[in-house]
Each structure stands twice: as C-alpha cells, then as structure tokens.
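The structure under discussion appears below in the form of structure tokens.
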Amino acid sequence: MTVKIKICGLTNPKDVAPCIRSSVDYVGFVFHKSSKRNLELSEAARIATLVPPEVLKVALIVDPLDSELENLFSSFPVDLLQLHGEELPGRVSKIRSIFKVPIIKSVSLRTKQDLVKIKDFSSVADQLLIDAEKPDKLSPPGGNGVTFDWELISGFDWKVPWMLAGGLDTNNVQEAIEISGAKQVDVSSGVESSPGIKDTKLIYNFVNTVRGKNYDR
C-alpha cells in the first residue's frame, strides 16, 4: 500500500520542487492571518503555477464567509478546500453545495468522546483530516506540532477517505501509520527548519520514511 502524502503550509516557490520530485499527492496553502504560513492570495497563486496538475492544491481556510470564499476561488486554483475552523456540519454542507468544490474537514481529537465528530462530518465532507486539538486558545488551527493518541482511531469504521495529521515527523510517522491505519498523512511543522520555513532535506526524509524509497535525486 502506498500511503498518500500532503505537505501543508508552502510559503516559498522553492518548496515546490522537493514536493514534485518526491511525488507527494497534495500540497497545501494556508489562508489564515494568525498562521506563520499565511500567504496573500496573489503570492499563493504565483507559487501554485509551479505545481503540476497531478499534485492537488489544497486551500486551508478557517471559518470563512461566503465573500472570502468567492475571493479565494476567483484568485487561486483550488482543487480541494480544507475547512480548519469551528465550522458545523450544516455550514460544511452549505459551502460544498454553493461552491461545488471537494471539501476536507478537519476534526480535532483528544478523547473517545470526540469520535462522534467524525461521524457528524462524514456525511457532509469528501475527506476528513484528523488532527490534535490546539494546545491553547491562542494557537493557530493546525501546524502546532502536537500529536494525539492514535489508538483512539485504531480500527475505526471510516465512511470517507481521511488523512492523519498532528505533530507528524520522520521520527514518529511510521508508528503513527501502523497504529492508526492511516492511508494518507499530512505534515507541516515536521518538515520545517523553523515555523513557516520548509526544509528540503526534511521533506525528502519524511517521504522516504513513509514510502521506504529514496526520492532525493
């Protein structure tokens, strides 16, 4: 089984080449001002021109208004929309219906009681991204380098495709896949030399660890 990989939070044109060379499946762009990975739409669109069609471009946005989404879709080539805020199932369904775009909905887990959220969103989203809860209220959603107990989702009966996120890096991703059963993984801070700065070598190391191949060429 080949595990699909998403590198999230690209901020520089030079981030694209190692993603392409290592055959990642998705690249993510963050549009949230409190994030160190936030980009202006014009800059993100410029970077996106370097991404080939077979690599899907994911736009991460948090609790967006319809006007913000209209601006996003008119300025950036979105393949999938990642909703990473407090959006309720009804709002997710409405966005999906209005804008006719595949949606990845983030779901934050801490305890078994949180698993009900997976069921709630499975009927309204095309994919789910399973993440850890924010360490505190002031932290941005996602990219915090925080893991959660992967045993919570071991053997879960999934109804839609999903990605595992939350503090993944070269040191823990194999264990995370084995325990959770993930067929897709999402990484951001785990391939950075500092917040918002992707590291080419760390990208290659992460992909090589996940897939057991050497893509650094």
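The values are calculated or read from the model by the stated rules, or taken from the named source; none is laboratory data. Just so you know, these numbers come straight off a predicted model, no measurement behind them. Don't worry about glycine lacking a Cβ; one is built from the backbone with ideal geometry, like all the others, and counts go over all protein chains shown.
Search the range 195-209 for residues that are surrounded by 17 or more Cβ atoms within 10 Å (Cβ to Cβ) and pair each with any residue that is of a type outside the set (S, T, N, Q) and at pLDDT below 95 when their beta-carbon atoms are under 7 Å apart and the residues are at least 6 apart or on different chains.
Partner pairs satisfying both residue conditions: 196/36; 204/215; 204/216; 207/215.
Search the range 1-22 for residues being under 25 Å from residue 42 (Cα atoms) and among the polar types (S, T, N, Q), and hand back the single one that is surrounded by the fewest Cβ atoms within 10 Å (Cβ to Cβ).
Within the range 1-22, the match that is surrounded by the fewest Cβ atoms within 10 Å (Cβ to Cβ) is 12.
Test residue 188 against the criterion of being within 15 Å of residue 27 (Cβ to Cβ) and not charged (D, E, K, R), and give yes or no.
yes
Only residues that are of a type in the set (Lys, Arg) and either touching a Cys at 6+ places or on another chain (Cβ under 7 Å) or modelled with pLDDT of 95 or more (or both): list them for the range 18-46, please.
Within the range 18-46, 21, 37, 46 qualify.
Of the residues 129, 65, 109, 56, which single one is farther than 19 Å from residue 185 by Cβ and hydrophobic (A, V, I, L, M, F, W, C)?
Numbers: 129 fails: farther than 19 Å from residue 185 by Cβ; 109 fails: farther than 19 Å from residue 185 by Cβ; 56 fails: farther than 19 Å from residue 185 by Cβ.
Exactly one residue qualifies, and that residue is 65.
Residue-wise test of (1) of a type in the set (Ser, Thr, Tyr); (2) under 30 Å from residue 12 (Cα atoms); (3) at pLDDT 95 or above.
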position	(1), (2), (3)
82	no, yes, yes
88	no, no, yes
99	no, yes, yes
122	yes, no, yes
131	no, yes, no
134	no, yes, no
148	no, yes, no
